[in-house]
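Student: Please see the structure below; I have some questions.
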Amino acid sequence: MTDITSLNLEAALLDQNVAGTFWDRKYAYVAVWTDDGWRLGVAVANEPGYNPINKIFADEGETRYSARGLNSHIGLSEDEVIAIVASTMGGARVMVLP
């Protein structure tokens, strides 16, 4: 997957903002459907739910492409993203390795 922040200034600025907010935690970008449409969210390991980002995307494909590109930028594999997301779903917590 291509690092989307090298192709899109808006993605680069978004990533800087998220990195500053969640600098001390393991997180992943996720595509989520809301009443307003598709948007990105930030799933933080071992914290319930996700943190919404206030940008609405045209469709699911564009949103997932952005999430994958941003996760690639921060060095996450798909398996790491899945582990982080699973750890946000309540019940017994999944340990996410550093």
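The values are calculated or read from the model by the stated rules, or taken from the named source; none is laboratory data. Owing to the predicted nature of the structure, the values given are computational and were not obtained by experimental measurement. Note: ideal-geometry Cβ built from the backbone for every residue, glycine included; neighbour counts use all protein chains shown.
Student: I want to confirm something. Restricting to region 34-50 and keeping residues that are closer than 20 Å to Ala86 by Cα and without any contact (Cβ under 8 Å) to a residue 24 or more places away in the chain, which single residue is surrounded by the fewest Cβ atoms within 10 Å (Cβ to Cβ)?
Tutor: Thr34
Student: Taking region 1-28 on its own, how many of its residues are β-branched (Val, Ile, Thr) and surrounded by fewer than 16 Cβ atoms within 10 Å (Cβ to Cβ)?
Tutor: Qualifying residue count for the region: 2.
Student: Still on this structure: Of the conditions (1) modelled with pLDDT of 95 or more; (2) surrounded by 11 or more Cβ atoms within 10 Å (Cβ to Cβ); (3) assigned to a helix (DSSP H, G or I); (4) not hydroxyl-bearing (Ser, Thr, Tyr), Ala31 fails just one. Which one is it?
Tutor: The one condition Ala31 does not meet is (3).
Student: Let me ask you something else. Is it the case that some residue within region 51-73 is small (Gly, Ala, Ser), out of contact with any strand residue (DSSP E or B) (no Cβ under 8 Å at 6 or more places or on another chain) and surrounded by 13 or more Cβ atoms within 10 Å (Cβ to Cβ)?
Tutor: Yes, the conditions are met somewhere in region 51-73.
Student: Within region 35-54, how many residues turn out to be small (Gly, Ala, Ser), over 13 Å from Ala67 (Cα atoms) and either under 10 Å from the mean Cα position of the chain (by Cα) or assigned to a loop (DSSP other than H, G, I, E, B) (or both)? I'd like the intermediate steps shown before the answer.
Tutor: Let us first name the residues in region 35-54 that are small (Gly, Ala, Ser), namely 37, 41, 43, 45, 49.
Those left that are additionally over 13 Å from Ala67 (Cα atoms): 37, 45, 49.
Cutting the leftovers down to either under 10 Å from the mean Cα position of the chain (by Cα) or assigned to a loop (DSSP other than H, G, I, E, B) (or both) gives us 45, 49.
Within region 35-54, residues that are small (Gly, Ala, Ser), over 13 Å from Ala67 (Cα atoms) and either under 10 Å from the mean Cα position of the chain (by Cα) or assigned to a loop (DSSP other than H, G, I, E, B) (or both) number 2.
Student: Can you confirm whether Ala86 is at pLDDT 95 or above and either in contact with a Lys or Arg (Cβ under 8 Å, 6 or more places away or on another chain) or aliphatic (A, V, I, L, M) (or both)?
Tutor: no
Student: Next up: For region 74-81, does any single residue satisfy the condition of being surrounded by 15 or more Cβ atoms within 10 Å (Cβ to Cβ), in a helix (DSSP H, G or I) and modelled with pLDDT of 95 or more?
Tutor: yes
Student: While we're looking at this one, here's another question. Of the residues that sit in region 56-73 and are over 12 Å from the mean Cα position of the chain (by Cα) and assigned to a helix (DSSP H, G or I), which one is nearest to Trp33 (Cα to Cα)?
Tutor: Per the stated criteria, the residue is Glu60.
Student: Are there any pairs with C-beta distances below 6 angstrom linking a residue in region 1-23 that is at pLDDT below 95 to a residue that is hydroxyl-bearing (Ser, Thr, Tyr), with the two at least 6 apart or on different chains, and if so which?
Tutor: Met1/Ser72; Asp3/Ser72; Ala11/Thr5; Ala12/Thr5; Asp15/Thr5
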